[in-house]
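Right, one structure below, let's go through it.
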Amino acid sequence: MAPRTVLLALANLLIPVAILTFATGFFPYKPFMPGLAEYEELKWEGNNATDSQQPPEAPFDKLVFMVVDALRSDFVYSKESGMSFVQSLIRDGTALPFTAHATSPTITMPRVKAITTGSIPSFLDVILNFAESDTTSTLATQDTWLAQIKAKRFGNKQGKLVMYGDDTWLKLFPDFFERADGTSSFFVSDFTEVDNNVTRHVPNELLNEDWNAMIMHYLGLDHIGHKAGPKSPNMLPKQKEMDDIVRTIYSAIEIEDHLANTLFVLCGDHGMNEGGNHGGSSPGETSPALVFMSPKLTKITHGRPIVGSPSKPKTEGEFDYYRTVEQSDIAPTLSGLLGFPVPRNNLGVFLSEFLGFWDNNLDRIQLLYRNAKQIKHIVEATYTSQSFDDQALAPGHGLSDCDYSDSGEKLACRWNRFVRGLAHDEEDVQQAHLTKFMHDAQDIMSSAASNYDVPRLFLGTAFAFLICVLSFFTLPSLRPTSSAGLYYFLTLGLYAVLMFASSYVEEEHNFWYWITSGWVFYLFLHSVRKKQNSTWILHPALAVLVIHRVIRRWNQTGQKFAGADDIVTSGIFHGNNSILLWVLVGATYLDVTLRVSRHYARSVVTLSNPLYRKQLDPQPLEHHRMIGSLVALPLCGTAFIFKIAFTVKDAPELTYTLTSNVMAWVETLDLVLLARMVFGGIAFSFAGILFAEYQRSTRRAKRNVKGHGDLAITFFDLLTLFLLTQTKAQNIPLYLLFRIQVFSLSHLALTPTRTTLTTLLLSQTAFYALGLNNSISSIDLSNAYNGVSGYNVLAVGVLVFLSNWSGPVYWSLAGVLLLRSYGRPSTPPPASGSRAGGGKRSWVVQEHAHLHALANKTEPNEQHHSEPHHSADRWRTHVSLLTLFTGVMLTSVMAACTALRTHLFIWTVFSPKYLFAMAWGLAWHLGVTLGLGGLVWWMGSW
């Protein structure tokens with residue numbers, strides 16, 4: 001084995017090593033204090049002298065906790081909201097409204113952890129959130145308000161819990177619930193049944209007296225957001241449905257005696273952006289609603305100014321309705337209102353609005369004091385060098401305004417100031433000191449750096465840099481220098497630098513759009529200068545450039561202009577104009593059908609008449625092509641029908657031009673069965689064509705004649721049909737544009753290095769053109785369950801990747817086909833009736849090509865000396881260039897995350913970028929570039 005091949009293999013083996021090494025240092029599990037918290041004995045001095053204090057009596061003994069997934073604050077509080085009953089409770093003073101700030105990542109599992117523990121979850125929960133079979137993220141051993149309720153005795157009975165809805169709760173709290181009925185949160189095509197499965201249990205549970213907490217988690221509203229965004233026509237009816245459920249529960253609380261002391265909490269785990277997704281840190285994603293409801297709340301709202309509802313946000317264009325609190329504040333607030341200790345790992349602060357339930361000032365101080373002492377334990381464990389003594393100091397002793405730059409000193413000062421005030425200050429001053437300490441501690445501890453394993457960070461980055469070094473030495477000689485090589489290294493250099501700027505990471509698509517435009521424009525100028533095309537108006541490079549400009553405007557992506565108008569959202573594909581979309585979708589499927597039918601026709605002629613079998617490479621005749629079309633139509637037609645049926649349920653606003661009869665028919669179709677028919681048809685088709693091409697390959701091998709790579713093209717075309725199935729309807733026309741670009745590039749006679757660079761740039765462009773960016777909220781789950789009736793981690797994981805990376809997958813394999821065609825005759829192989837020549841061109845064609853080359857005066861340094869000609873060398877150089885790019889990408893992202901690990905945006909910008917880098921390195925480079933690309937390269941030799 002050649003030394004370069006060994007180095008290249010070693011470089012690729014290091015990719016998962018580098019990624020996993022860095023990830024274990026960057027995403028460690030945050031340590032937590034085990035066990036359940038218990039009430040501590042409090043000893044006060046001075047004005048509050050007492051040996052101990054019993055906890056204040058709790059005003060509630062039951063809890064109904066209703067989570068509506070992705071319940072953004074405006075869905076409840078704005079004039080456009082459908083939740084009129086909740087708004088009436090706010091006006092009547094029987095509901096207290098808040099906007100609960102949800103920190104990034106804004107996805108369900110870490111948000112539920114924050115709500116129940118009061119702590120800040122690990123960013124690693126982003127990955128665990130998608131792994132539904134994961135059990136390592138359980139909260140069974142952590143202190144939560146669920147564990148406290150379960151451990152508390154209510155009268156002479158132990159606390160009991162029931163749960164209905166998102167099965168994330170069942171994973172986090174195994175064996176916690178007396179009764180439960182979980183629903184998978186990833187069947188995002190379901191708007192109704194997923195919620196009906198929760199609601200059907202509500203009437204009976206409201207009559208049961210054996211539970212102390214009922215948790216409900218509704219998913220339908222979140223699914224609507226994922227499918228069609230917050231402005232979907234389905235959104236308002238869903239809000240009204242949720243409002244009716246609130247009405248049912250609140251009415252029962254008013255009527256049923258055993259529910260008289262029930263606290264009803266309505267909240268969202270996160271919000272959603274204008275695209276209907278979540279996971280990032282935009283205002284819409286981090287601003288869910290939070291409402292506490294009970295007839296008993298009139299005690300604390302009586303005499304206060306009437307709260308208006310509906311309302312407007314404090315900041316125009318934002319979602320900050322009423323007072324904004326932290327989502328972690330829910331845990332200590334429930335602890336005080338239901339009478340159990342604050343969870344040990346809590347960083348939340350008891351909401352001061354509820355202190356009015358206790359008439360005695362000492363009770364109020366005690367609630368805050370217990371909350372503050374619990375937070376102090378976490379602070380003490382973090383800042384071990386500071387003194388957080390509970391002994392009162394003399395007035396003025398060693399205390400300043402606590403404006404220390406050091407966080408530990410600041411918190412120690414705040415605590416000592418409160419302890420001193422216990423002996424000398426009035427209750428309101430003590431309350432102010434406690435609140436100030438807790439809010440400062442919450443801010444500091446929430447924003448503090450993670451428990452990084454810095455040596456692992458450096459080791460992972462070093463491995464990534466070693467990948468760069470090894471892959472660099474596998475490249476062919478850099479002398480003489482080519483324009484493609486210079487542009488390639490310029491792209492790598494600019495990319496590496498930009499990874500250290502958060503704004504550029506958020507808007508990375510602009511870098512790829514412009515760097516691609518510049519390269520294609522260079523190809524145009526170079527070709528015109530060489531007079532390789534007779535007219536510049538119809539120049540293939542110019543066609544690629546014009547289409548690239550259209551593709552850029554197809555989906556608006558990034559953070560700065562998220563939700564801005566683009567081709568998809570401009571209205572030209574919606575409503576009565578949706579006929580234009582389906583014409584383009586139909587044209588895309590027709591193009592694929594025609595290409596697939598040619599492969600069928602080749603198989604028919606290969607396996608039919610024995611007379612054809614005697615020929616070396618028989619070409620299909622008219623009746624063969626007819627049979628091929630008849631075979632291809634059922635498969636491609638089924639795929640097209642599936643896409644229509646899927647879109648009717650997924651985005652009905654794109655199907656308004658369909659007749660009522662068509663709509664009624666497709667709504668009766670089983671989407672899972674249709675998808676399986678498409679996938680199965682693709683698999684069987686490839687198996688049949690593979691057998692036919694094997695027969696041809698066997699005949700050619702006997703005569704020592706090489707094939708034309710038809711099997712590789714077959715695989716590519718069938719994979720394209722699969723990718724269309726995994727793509728949203730509004731993005732399918734992009735593949736027709738991609739096809740035109742591939743056709744145009746095939747007429748540019750690109751060298752191998754230029755081919756690799758061009759398809760690398762177009763792979764990156766396609767990723768962002770399909771509407772994705774470096775935010776977790778851009779991940780589309782709508783096609784994750786095509787053909788899957790239940791959760792299968794492998795199947796769903798593959799479908800999620802292929803549906804989101806479909807553009808890069810397409811261009812990666814298209815690049816392999818273009819690379820395979822380098823150096824092949826530009827004229828097609830002779831027809832079956834031509835004289836035997838084994839595929840050789842006539843001397844007239846050869847002489848014409850020779851004269852044409854002389855006329856063009858091709859530069860040898862640019863076109864030949866620096867380019868690999870042997871097939872194996874071309875493939876190795878292709879892999880080397882892409883491996884070097886992957887190494888530079890990983891090195892720059894890892895270095896940026898390491899250097900900026902204390903940056904304000906480390907969890908909102910750089911951490912998601914690293915997760916995407918993991919996907920690019922493992923799934924795209926190793927899985928697609930090397931795996932599928934290597935398979936296509938091998939099939940190209942048939």
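The values are calculated or read from the model by the stated rules, or taken from the named source; none is laboratory data. Computed from a prediction, not measured in an experiment: that's the story for all the values here. Backbone-built Cβ (ideal geometry, glycine too); neighbour counts: all protein chains shown. Quick note on the areas: whole protein, heavy atoms, side chains included, nothing else; ligands and nucleic acids left out. Shrake-Rupley method; radii C 1.70, N 1.55, O 1.52, S 1.80 Å.
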State the antiparallel share, in %, of DSSP beta bridges confined to the chain, rounding to the nearest 5. 35 percent
Under 4.7 Å Cβ to Cβ, no partner at all: give me those cysteines from the chain, in residue order. Cys267, Cys468, Cys636, Cys897
With point charges of +1 on the Cβ of Lys and Arg and -1 on the Cβ of Asp and Glu, referenced to the Cα centre of the chain, which listed residue (Met445, Gly927, Phe905) lies farthest in the positive direction of the dipole? Gly927
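In the stretch 865-942, carbon and sulfur make up what percent of the accessible area (probe 1.4 Å)? Numbers along the way, then the final one.
Working: 1590 of 2320 Å².
Solvent-exposed carbon and sulfur of the stretch 865-942 make up 69 percent of the total.
Grab the beta carbon distance between Ala140 and Leu494, set R0 = 56 Å, and tell me the FRET efficiency rounded to 0.05.
Numbers: r = 48 Å, r/R0 = 0.86.
Computed FRET efficiency for Ala140 and Leu494: 0.70.
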Once Lys and Arg get +1 and Asp and Glu get -1 on their Cβ, which of Ser281, Phe472, Tyr495 lies farthest toward the positive end of the dipole of the chain? Phe472
Find how many whole Å separate the alpha carbon centroid of the stretch 698-741 from the alpha carbon centroid of the stretch 675-692. 13 Å
Determine, for each peptide in 576-587, 741-752, the mean count of other beta carbons within 10 angstrom over its residues, then list the peptides with the highest first. 741-752, 576-587
In nm, to one decimal, how far is the modelled label at Ala564 from the one at Val17, with both set 7 Å along Cα→Cβ? 4.4 nm
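How would the stretch 197-328 be classified by its alpha-carbon gyration tensor: rounded, prolate or oblate, with rounded meaning a/c under 1.5 and the a/b versus b/c comparison settling the rest?
Working: a/c = 2.16, a/b = 1.32, b/c = 1.64.
Judged from the Cα gyration tensor, the stretch 197-328 comes out oblate (a/c at least 1.5, b/c at or above a/b).
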From the square roots a ≥ b ≥ c of the eigenvalues of the alpha-carbon gyration tensor of the stretch 726-777, which class results: rounded (a/c under 1.5), prolate (a/b over b/c), or oblate? oblate
Check which residues have an amide H placed less than 5 Å from Leu750's amide H, if you skip close sequence neighbours. none
With a 1.4 Å probe and all protein chains left in place, how much accessible area per residue does the chain have, in Å²? 41 Å²
Please list, in chain and number order, the residues 5+ apart from Thr324 or on another chain whose amide H is under 5 Å from its amide H, with Hs placed from the backbone. Thr99
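Give me the number: length gained by fully extending Leu207 to Lys312, i.e. 0.36 nm times residue separation minus the C-alpha to C-alpha distance, one decimal in nm. Mind dumping the intermediate values first?
Working: separation 105, 0.36 × 105 = 37.80 nm, distance 3.74 nm.
Value of the extension gain: 34.1 nm.
When Lys and Arg each count +1 and Asp and Glu each count -1, what net charge do the other residues less than 14 Å away from Val583, Cβ to Cβ, add up to? List each step's numbers first, then the result.
Numbers: positive: Lys643; negative: Asp591.
Value of the local net charge: 0.
If the chain between Ser483 and Asn451 were fully stretched, how many nm would it gain, using 0.36 nm times the residue separation less the Cα-Cα distance?
Numbers: separation 32, 0.36 × 32 = 11.52 nm, distance 4.56 nm.
Roughly 7.0 nm would be gained on extension.
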Checking rank on 669-675, 873-879, 887-893, with mean other Cβ inside 10 Å and highest first, the result is 887-893, 873-879, 669-675
If the reach is capped at under 17 angstrom between alpha carbons, list the aspartates and glutamates near Lys231, excluding any in the same chain fewer than eight residues apart. Asp69, Asp74, Glu80, Asp222, Glu241, Glu274, Glu285, Glu318, Asp565, Asp566, Asp650, Glu653
State the percentage of accessible surface on the stretch 303-373 attributable to carbon and sulfur atoms; use a 1.4 Å probe and exclude ligands, DNA and RNA. 49 percent
When the Cα centres of the stretch 762-796 and the stretch 207-241 are compared, how far apart do they sit, in Å? 23 Å
Using the Cα centre of the chain as origin and beta-carbon charges of +1 (Lys, Arg) and -1 (Asp, Glu), tell me which of Asn261, Ile120, Tyr656 is placed farthest towards the positive end of the dipole. Tyr656
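Sorted by mean Cβ packing within 10 Å, highest first, what order do the peptides 97-109, 512-524 take? Mind showing how you got there, number by number?
On the way: 97-109: 25.5, 512-524: 19.2.
In decreasing order of mean packing, 97-109, 512-524 become 97-109, 512-524.
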Please work out which option in [x] 51, 41, 28; [y] 97, 24, 23; [z] 61, 32, 22 gives semi-axes √(5λ) of the Cα gyration tensor in Å calculated from these coordinates, and answer with its label. [z]
Return a whole-number percent for the relative contact order of the chain, with Cα pairs under 8 Å and 6 or more residues apart as the contact set. 16 percent
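Which links in Lys530/Lys706; Lys314/Lys410; Lys376/Lys410; Lys62/Lys160; Lys376/Lys436; Lys113/Lys171 stretch past 21 Å when you go from one Cα to the other?
Values: Lys530/Lys706 32 Å; Lys314/Lys410 31 Å; Lys376/Lys410 13 Å; Lys62/Lys160 10 Å; Lys376/Lys436 13 Å; Lys113/Lys171 11 Å.
Violating the 21 Å Cα-Cα cut-off are Lys530/Lys706; Lys314/Lys410.
How high is the FRET efficiency from Ala899 to Asp443, r the C-beta distance, R0 25 Å, rounded to 0.05? Mind showing how you got there, number by number?
Working: r = 24 Å, r/R0 = 0.95.
My answer for the efficiency is 0.60.
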Extension gain from Thr298 to Gln54, taking 0.36 nm per residue of separation minus the Cα-Cα distance: 85.3 nm
